[in-house]
Structures are given as C-alpha cells and as structure tokens.
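The values are calculated or read from the model by the stated rules, or taken from the named source; none is laboratory data. These numbers were taken from a predicted model, which means no experiment stands behind them. No Cβ is skipped: glycine too gets one built from the backbone with ideal geometry, and neighbour counts run over all protein chains shown. Side chains are part of the model used for accessible areas, which takes the heavy atoms of the whole protein and leaves out ligands, DNA and RNA. Shrake-Rupley method; radii C 1.70, N 1.55, O 1.52, S 1.80 Å.
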Amino acid sequence: MAVHPSSPAGRQYELVAAAPGRRVRAVINETGAALRQLSVDDVELTPSYADDVPPPFFCGAVLAPWPNRVRDGRWTHEGRPLQLEITEPELGNALHGLLYDTPYRPIERTPASIRLGAQVSAQPGYPFRLDTEVTYALTADGLAVNHRLHNAGADCTPVALGAHPFLAVGEVPAEQLIVTVSAGRHIDVDSRQIPVGSTAVAGTDWDLRAGRPVSALRLDDTWTDLMMTGAGSTHTLTAPDGRAVSLWADRQFGYVHVFITREFPCDSDHLITAVAIEPMTAPANALNSGAGLRWLAPGDSWSMSWAIRYHERHVDGTGALRAPRRP
C-alpha cells in the first residue's frame, strides 16, 4: 500500500488488489478518512478532482457524530442548551459532524485495506468523548467499508453516522446516468433543509424506485423506508450501456441522501455534474428530533457497514443483476 505525499486533504493512502483479469484500486485521504478514488480495472467509480484543492462538497468524507444538519447548531441535553459551531452559514446550520476536516491516524494496513481512527473530544456543543474507526477493504467488485463508534467517556452519548461518497460509471457523463433510490418515503424539509415530515413516494416526483435520469433532477434530498433485501438496501447509478455502480448499506443505515451538483471541479478549469449517494443512520436534525439517533452507554460500541460495487450489467433495487435495457 503506497502513501502519497501530502495535499490539502493530507496524506493519501493507496490500496491495490489484483486478481487474474482484474485490478481494483482506491485512494483514501488522511483528512476526514475520505474516499478519494475508486476504480475496477480501468473503470473509475468516483469522479476525480485536483490534488491541490480541498475535497469539494465533503467528497468521500466520514460524517460523525451526526450526518447532515443540526438546525441553528442548537440542541438540548438533559435540560442543558448546547451550541455547536455553525459550519453552514448560508443556512445557519451545523453541518456533517465534527470529523470531516480532522486527520485520521492509520491503525492497521495491508496492501488492499486500511483501518483509520479519530477521536471526538468533549467540546462546547458536544460534551462527549467518542473513539471512531473506519476500515476500507477492496473487494473483487469494489470496496467494503466498516465503521465502529465507541463511547470512551463516562456519560451516555448520542451518535449517528453517515458517509459522503460521490459515484461515477467510468467516462460516462453523470447527466446521462439513471439514478435509482430504493425507498418508500421522502423526507420533506423546510427552506433550511430541516425535516418537517415525510411523504410516501408512490405517485410523486420523489419516486425513484424505477430510476430517473440525473439530467431531470435537482436533488439534495433524503429518503427512508428503504427497501431491504437480505442484510441491506441497494441504490444505483446506471449508464446507457447497462453498466452500473451501486451503493449497498446494511440495516443500520435507515436513510439515504442523494446530492446532485453541477459545480463539481474535476480540474481548475472545468465544472461537471456529480452525484453523491450517502448512507446515513439518521436524517438531518437528529440531535433534536431523535430520529435514528443511537445512545451509547459508557464503554459500548456500535458497528455498521456499506459498500460500493461495480456491475457490468444493470442492477435493480433488490441488488439482482439484469440484462441491459435496450434503447
């Protein structure tokens, strides 16, 4: 496993796995333990960005001890009002936890895997101690990811977790992809992206169970009531030729968020469309609503897993492979 020189995202850890007829490669950033690059053979499964710029739009980062937003950065614990730093000033929210800009330390390495750790220290707005670990391991068709949260303090601690991978299918422009979200309910939000309820997707524009073109969508949205098959749920991006990349997440992840940007900087001169499919254990504002929030007793731990998989044929919402659709 190679370690590349420092960049604005810190050191870069390269993972490589080779088998007859197949080569899988990933690059993990030190900062935020972020997935920077993933490819199977010559097919890139993540959009690229320049080494000399910070990761755009939280690209690939681990989001802990909460994903998404906390309204006004404020919440109450045992009757005590707490104030988090406002990290989304345009909407007045605390965004994506406390570790996305933190250097993770390597704990264990092999040529095809790495385990990284970072600690949340007690601080204003989150007076708890939390040890976190994330393990990235290459597989024959992509990447498996495991997270572990451990309460290292003396108080019961509220936790939630998400990840922010952007996905791609080789050289196919994102506007040409079909996005499928295997979920039955959409989380409705106010003008500040804070949940106000949920809507069954059947018969609405939020129904992406059969897939819709990225070109027709403007999304920064969360779904729940995920369609579980076996141990988890599967959500996909599919190219016109039938190739697909899927995000699978285990049952700990009861929510999935899809973010589409038309301003992803693939280099210093070009902006492209990019799609993030984000597994989350809780929706926005969970520290206030309690939805999806997990409370860890002192000394307790919580683990969860997700994966990115490349398919040379179309994959439906159940995870089953199908022949490519004919034009």
Problem - Boolean, THR76 is buried (at least 22 other Cβ atoms within 10 Å of the Cβ) and either part of a strand (DSSP E or B) or modelled with pLDDT of 95 or more (or both) - result: no
Handout entry: Exclusive hit being aliphatic (A, V, I, L, M), touching a Phe, Trp or Tyr at 6+ places or on another chain (Cβ under 9 Å) and at pLDDT 95 or above, set LEU98, LEU138, LEU91
Key = LEU98
Practice task
Determine if region 30-48 includes at least one residue that is touching a helix residue (DSSP H, G or I) at 6+ places or on another chain (Cβ under 9 Å) and open to solvent by less than 10 Å² (accessible area, probe 1.4 Å).
Solution key: yes
Practice task
Scan (1) out of contact with any strand residue (DSSP E or B) (no Cβ under 7 Å at 6 or more places or on another chain); (2) surrounded by fewer than 17 Cβ atoms within 10 Å (Cβ to Cβ); (3) at pLDDT 95 or above for the single condition SER303 breaks and write down its number.
Solution key: (1)
Exercise for the section: Mind counting the residues in region 79-131 that are touching a residue at least 12 places away in the same chain (Cβ under 8 Å), in a loop (DSSP other than H, G, I, E, B) and open to solvent by 60 Å² or more (accessible area, probe 1.4 Å)? Expected result: 7
Exercise for the section: For ARG36, work out the one condition from (1) within 28 Å of GLN119 (Cβ to Cβ); (2) part of a loop (DSSP other than H, G, I, E, B) it doesn't fulfil. Expected result: (2)
